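K.L.:
Structure in structure tokens, see below.
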Amino acid sequence: MDLHLIRHIFAKLALLKGCNINPPVFLVFSFIIIPPFSAHANPPCWLSNLNIEHKQIYGVASTISASNLPPLHFAKANAINNWLLSEGQTEIKFDINLTTIEKYDLGGENLYFLADYQQKNKVYSLVSTNPNASNTSQACAITSCNIQQCSPSWICEDHSEQVSFISVAAPTIFANNQIKKIIDNSQSIANTINRAKVVGVIDLLHSDTSHLTISNIQQRYSITDLSQQTNTITIGEMCNDKGTLYSQVTLNTPNISAFHNWMDQPLLGNILGVVGYAKGQTSTGRLSDLLNVAVRRGLFEMAKTKNINVENDLKLTSNTDGYYSLMSKSHQYTESIVSAYIADMKMKINDKLQPEIFIWLLENKDKS
């Protein structure tokens, strides 16, 4: 509030005090505390990239709460638990007020609160195990996504030094749930490929007659996770499209795709490799679910490559009038324990403006 305006208000208050006013007049003053970043300035860069120098993560809380604890306490609590989830650990509860503390002991390792930021009705708190962050005061415009134009480029293709894929989260009711969903979706994909039992059936029917040719294929498969192991993930660049949050998620695996054309040759030396593919829309309409479909189809392809039983049945009939009918049936069955890791991912938009996702999976021979 302008200092001159404050002096002017108090001068009027002094004049009113000397007057006999009935009923009395009550003046209510409301002082606004300006956050470190003004409402018109760009937000901090860590809202668009959480891996600028080293791994960071944030927590979010609403400024509207029925609790006696300040919103910053809940933002810090969510930041700690988001960090734990990204490290493959479980959430914890807090019996202390986190508002004023500068670090939190995670059982021998300190998690430091690097910065806070308030925007509209949300409070953000940034944490890292590295206390020497130099980028917390830098401001950046929030990046917008344009999937049709593959902008930013990491949405469609990985150019990082480590293997990464995208994770997507739709708008949520609770402030922290969107960034938490980014973590959960990433862990779900990573956990599915750790070690899974794949059971699948493919039935092919081909009928060829003098007048008509018909082919039909049906496949059914189920994938059961056999491992509860979770991976350490790092959230990198982020962008926003109509409230939906897209994030580049990095795994601790070196990126080898730059040296191998896996789209044409998924095998890597003597390592079994497959490409999972999915396009269009899932029943939920979520891109994150389409990614999961591509991963599961890739695991099914890997299971078929490792072990498949095939039963064929062929029947040919003909008569003297030249009419013939050729019918072939094929029943394929697979049941395998497979383990893989994501080696790369690409996405493109086809002529119908549908996303097409390709995921390269390489086998973990030690776990299969």
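K.L.:
For the subset of region 47-73 comprising residues that are in a loop (DSSP other than H, G, I, E, B), open to solvent by 10 Å² or more (accessible area, probe 1.4 Å) and of a type in the set (A, V, I, L, M, F, W, C), which member is modelled with the highest pLDDT? Full working, then the answer.
P.N.:
We begin by selecting, within region 47-73, every residue in a loop (DSSP other than H, G, I, E, B); these are 48, 50-56, 63-70.
From what is left, the residues that are open to solvent by 10 Å² or more (accessible area, probe 1.4 Å) are 48, 51-55, 63-70.
Those still in the list that are of a type in the set (A, V, I, L, M, F, W, C) too: 52, 64, 66, 69.
Numbers: Ile52: 74, Ile64: 88, Ala66: 81, Leu69: 91.
Only one residue fits best here, namely Leu69.
K.L.:
Inspect region 173-190 for any residue being hydroxyl-bearing (Ser, Thr, Tyr) and farther than 29 Å from Lys304 by Cα and give the result as yes or no. Steps first, answer last, please.
P.N.:
Keep residues of region 173-190 that are hydroxyl-bearing (Ser, Thr, Tyr), which gives 186, 188.
Remaining after also requiring farther than 29 Å from Lys304 by Cα: none.
So far as region 173-190 goes, no, none of its residues is hydroxyl-bearing (Ser, Thr, Tyr) and farther than 29 Å from Lys304 by Cα.
K.L.:
Here's another thing I want to ask about it. Quick one: Thr320 ticks every box in (1) out of contact with any helix residue (DSSP H, G or I) (no Cβ under 7 Å at 6 or more places or on another chain); (2) over 30 Å from Val127 (Cβ atoms); (3) part of a helix (DSSP H, G or I) except a single one, so which number is it?
P.N.:
Checking Thr320 against (1) out of contact with any helix residue (DSSP H, G or I) (no Cβ under 7 Å at 6 or more places or on another chain); (2) over 30 Å from Val127 (Cβ atoms); (3) part of a helix (DSSP H, G or I), the one that fails is (3).
K.L.:
If you don't mind, another one. Can you name the residue in region 248-278 that is part of a strand (DSSP E or B) and touching a Leu at 6+ places or on another chain (Cβ under 8 Å) and is also surrounded by the most Cβ atoms within 10 Å (Cβ to Cβ) among such residues?
P.N.:
Going through region 248-278, the residues part of a strand (DSSP E or B) turn out to be 248-254, 268, 271, 273-278.
Now narrow it down to the ones that are touching a Leu at 6+ places or on another chain (Cβ under 8 Å): 268, 271, 273-276, 278.
Working: Leu268: 17, Ile271: 12, Gly273: 21, Val274: 24, Val275: 20, Gly276: 26, Ala278: 21.
Checked region 248-278; the qualifying residue surrounded by the most Cβ atoms within 10 Å (Cβ to Cβ) is Gly276.
K.L.:
Just to be sure, is Arg286 without any contact (Cβ under 8 Å) to a residue 60 or more places away in the chain and basic (Lys, Arg)? It would help to see each step written out before you state the result.
P.N.:
On the way: without any contact (Cβ under 8 Å) to a residue 60 or more places away in the chain: no; basic (Lys, Arg): yes.
No: the conditions fail for Arg286.
K.L.:
If you go through region 161-197 one residue at a time, how many are within 16 Å of Ala340 (Cβ to Cβ) and open to solvent by 60 Å² or more (accessible area, probe 1.4 Å)?
P.N.:
Number of matching residues: 2.
K.L.:
Under the condition of being open to solvent by 60 Å² or more (accessible area, probe 1.4 Å), part of a strand (DSSP E or B) and not hydrophobic (A, V, I, L, M, F, W, C), which residue from region 208-221 is farthest from Asn292 (Cα to Cα)? First the steps, then the outcome.
P.N.:
The first filter runs over region 208-221 and keeps only residues open to solvent by 60 Å² or more (accessible area, probe 1.4 Å), leaving 211-221.
Imposing the further condition that a residue be part of a strand (DSSP E or B) reduces the set to 213-221.
This time we only want the ones that are not hydrophobic (A, V, I, L, M, F, W, C), so: 213, 215-216, 218-221.
Values: Thr213: 35, Ser215: 28, Asn216: 25, Gln218: 20, Gln219: 17, Arg220: 16, Tyr221: 14 Å.
Checking each candidate, the answer is Thr213.
K.L.:
So, one more: Restricting to region 199-243, give me the number of residues that are closer than 22 Å to Ile337 by Cα, in contact with a Leu (Cβ under 7 Å, 6 or more places away or on another chain) and modelled with pLDDT of 90 or more.
P.N.:
Total meeting the criteria: 0.
K.L.:
OK, next. Could you please find all residues in region 99-114 being touching a Leu at 6+ places or on another chain (Cβ under 6 Å) and buried (at least 20 other Cβ atoms within 10 Å of the Cβ)?
P.N.:
Quick first cut of region 99-114, residues touching a Leu at 6+ places or on another chain (Cβ under 6 Å) only: 99, 104, 114.
If the condition is that a residue be touching a Leu at 6+ places or on another chain (Cβ under 6 Å) and buried (at least 20 other Cβ atoms within 10 Å of the Cβ), then Tyr104, Leu114 are the ones that fit.
K.L.:
Restricting the search to region 98-142, which residues are of a type in the set (S, T, N, Q), more than 23 Å from Asn68 (Cβ to Cβ) and either touching a Lys or Arg at 6+ places or on another chain (Cβ under 7 Å) or in contact (Cβ under 8 Å) with a residue 12 or more places away in the chain (or both)?
P.N.:
Our first condition is that a residue be of a type in the set (S, T, N, Q); within region 98-142, this holds for 99-100, 110, 118-119, 121, 125, 128-130, 132, 134-138.
Of the ones still in play, those that are also more than 23 Å from Asn68 (Cβ to Cβ) are 110, 119, 128-130, 132, 134-138.
Within region 98-142, Asn110, Gln119, Ser128, Thr129, Asn130, Ser134, Asn135, Thr136, Ser137, Gln138 qualify.
K.L.:
Using the structure shown, decide if Ile308 is among the hydrophobic types (A, V, I, L, M, F, W, C), without any contact (Cβ under 8 Å) to a residue 60 or more places away in the chain and on the phi < 0 side of the Ramachandran plot. Spell out the reasoning first.
P.N.:
Details: among the hydrophobic types (A, V, I, L, M, F, W, C): yes; without any contact (Cβ under 8 Å) to a residue 60 or more places away in the chain: yes; on the phi < 0 side of the Ramachandran plot: yes.
For Ile308, the condition - among the hydrophobic types (A, V, I, L, M, F, W, C), without any contact (Cβ under 8 Å) to a residue 60 or more places away in the chain and on the phi < 0 side of the Ramachandran plot - is met.
K.L.:
Among the candidates Ser128, Ser137, which residue alone is farther than 17 Å from Ser247 by Cα and touching a His at 6+ places or on another chain (Cβ under 7 Å)? Explain how you work it out, then say what you get.
P.N.:
Working: Ser137 fails: touching a His at 6+ places or on another chain (Cβ under 7 Å).
The unique qualifying residue is Ser128.
K.L.:
Taking Ser227, is it surrounded by fewer than 14 Cβ atoms within 10 Å (Cβ to Cβ) and farther than 27 Å from Glu87 by Cα?
P.N.:
Details: surrounded by fewer than 14 Cβ atoms within 10 Å (Cβ to Cβ): yes; farther than 27 Å from Glu87 by Cα: no.
No, not satisfied.
K.L.:
Please go through region 230-247 and pick out each residue that is open to solvent by less than 50 Å² (accessible area, probe 1.4 Å) and in a loop (DSSP other than H, G, I, E, B).
P.N.:
Asn231, Thr232, Gly243
K.L.:
OK, next. Just to be sure I understand, how many residues within region 54-108 are touching a His at 6+ places or on another chain (Cβ under 6 Å) and of a type outside the set (Ser, Thr, Tyr)? Walk me through how you get there before you give the answer.
P.N.:
Taking region 54-108 and keeping what is touching a His at 6+ places or on another chain (Cβ under 6 Å), we get 97-99.
Checking which are of a type outside the set (Ser, Thr, Tyr) leaves us with 97-98.
Counting residues in region 54-108 that are touching a His at 6+ places or on another chain (Cβ under 6 Å) and of a type outside the set (Ser, Thr, Tyr) gives 2.
K.L.:
Here's a follow-up. Answer with yes or no whether Asn146 is open to solvent by 60 Å² or more (accessible area, probe 1.4 Å) and either over 26 Å from Arg286 (Cβ atoms) or out of contact with any Leu (no Cβ under 9 Å at 6 or more places or on another chain) (or both). So that I can check it myself, show each step before the final result.
P.N.:
Details: open to solvent by 60 Å² or more (accessible area, probe 1.4 Å): no; either over 26 Å from Arg286 (Cβ atoms) or out of contact with any Leu (no Cβ under 9 Å at 6 or more places or on another chain) (or both): yes.
Taking the combined requirement at face value, the residue does not satisfy it.
K.L.:
Let me ask something else. Are any of the residues in region 311-334 under 23 Å from the mean Cα position of the chain (by Cα), of a type outside the set (A, V, I, L, M) and open to solvent by less than 20 Å² (accessible area, probe 1.4 Å)?
P.N.:
Taking region 311-334 as the starting set, the residues that turn out to be under 23 Å from the mean Cα position of the chain (by Cα) are none.
Checking region 311-334: not a single residue is under 23 Å from the mean Cα position of the chain (by Cα), of a type outside the set (A, V, I, L, M) and open to solvent by less than 20 Å² (accessible area, probe 1.4 Å).
The values are calculated or read from the model by the stated rules, or taken from the named source; none is laboratory data. Computed from a predicted structure; not experimentally measured. Quick reminder, even Gly has a Cβ in these numbers, built from the backbone with ideal geometry, and neighbours come from all protein chains shown. Surface areas here come from the heavy atoms of the whole protein model, side chains and all, with no ligands, DNA or RNA. Shrake-Rupley method; radii C 1.70, N 1.55, O 1.52, S 1.80 Å.
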